[in-house]
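The values are calculated or read from the model by the stated rules, or taken from the named source; none is laboratory data. Note that the structure is predicted; figures quoted are calculated from it, not measured. In this analysis, Cβ positions are derived from the backbone assuming ideal geometry, glycine residues included, and neighbour counts consider all displayed protein chains.
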Amino acid sequence: MSPHPTAELAQATDVPANTDALQVLPVSIDIVDSDQRFPVRRVYCVGRNYLAHIREMKEGDERDPPFFFQKPSDSVVTDGRVPYPTLTDDFQFEFELVVAIGTHASNVTPEDALDHVFGYAAGLDMTRRDRQRECNKRGLPWEQGKSFDHSAPCGPIHPVAKVGHIRSGTLNLSVNGAVRQDSVLEKMIWNVHEIVSELSKQYRLLPGDLIFTGTPEGVGPVQRGDKLTGRIDGLAPLQVEIV
Ligand code: MN
């Protein structure tokens, strides 16, 4: 083998790729009362969408509008088991309403935005808080803090056709039975209409896209063995164990 990378690459192209050996498993999520599953295309998240959470974080200007970041689509966890990740001593939960997109949306108005929503779920934006704070301090992207394996546990999708639009009501998260986050969806700075509209100005939203809509106050760390239960009015509870 040549130690020169370019030469190695040229040599590699002479070898037919064994694509049979490539096993790429698409991620999909249960749809409530359906045999079909929701195939995940992209995972978007809203940052700083509840005032009390911005204040507890003591960073960022609360007058700034919310913003978006992404997680890898295969960071979605559907079996309720989240391994404690590498590279952190401060692994935190952020409980959030998740919006599932069902049709193509580009540059849509808030008035039309909900037509593109297929359904809703309860999800967790799991965060390496120590790495996120470091990224903030150094002006670096949030990837190490937010966009890692198993960082997006998500419950089953409840179609709008069954549950309507989830616009109001409580969301709360318990850890080992003790309530840690307890708020109402009305406290979102951007509501679902505005989130879908704003995001559709930045990206083509397509079927399979998920949007985690931001967390209220009360975020905190978890340890291996902790059991998390997240509840949102109108949706089945999300249950997750840190393993
Ligand atoms: Mn979040």
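In the stretch 109-131, which residues are surrounded by fewer than 21 Cβ atoms within 10 Å (Cβ to Cβ) and among the aliphatic types (A, V, I, L, M)?
LEU114 - this is the single residue of the stretch 109-131 that is surrounded by fewer than 21 Cβ atoms within 10 Å (Cβ to Cβ) and among the aliphatic types (A, V, I, L, M).
Which strands (runs of 3 or more DSSP E) sit wholly inside the stretch 18-78 and have at least 1 residues that are polar (S, T, N, Q) and more than 15 Å from the ligand (Cβ to nearest atom)?
28-30
What do you reckon, is LYS162 of a type in the set (D, E, K, R), modelled with pLDDT of 95 or more and buried (at least 20 other Cβ atoms within 10 Å of the Cβ)?
No, not satisfied.
Within the stretch 118-139, is even one residue part of a helix (DSSP H, G or I), without any contact (Cβ under 8 Å) to a residue 60 or more places away in the chain and in contact with a Cys (Cβ under 9 Å, 6 or more places away or on another chain)?
no
Could you list all residues from the stretch 111-153 that are over 23 Å from GLY230 (Cβ atoms), touching a Pro at 6+ places or on another chain (Cβ under 8 Å) and among the basic types (Lys, Arg)?
Result: no residue meets the conditions.
Please work out which one of (1) more than 16 Å from the ligand (Cβ to nearest atom); (2) surrounded by fewer than 19 Cβ atoms within 10 Å (Cβ to Cβ); (3) under 16 Å from ILE211 (Cβ atoms) is the condition GLU134 fails and give its number.
Among (1) more than 16 Å from the ligand (Cβ to nearest atom); (2) surrounded by fewer than 19 Cβ atoms within 10 Å (Cβ to Cβ); (3) under 16 Å from ILE211 (Cβ atoms), the lone unmet condition for GLU134 is (3).
Pull out all pairs, ordered by first then second residue, where Cβ-Cβ is under 9 Å, the residues are six or more apart or on different chains, the first lies in the stretch 75-99 and is within 13 Å of ALA152 (Cβ to Cβ), and the second is assigned to a helix (DSSP H, G or I) and within 15 Å of the ligand (Cβ to nearest atom).
Hits for this filter: GLU94/HIS53.
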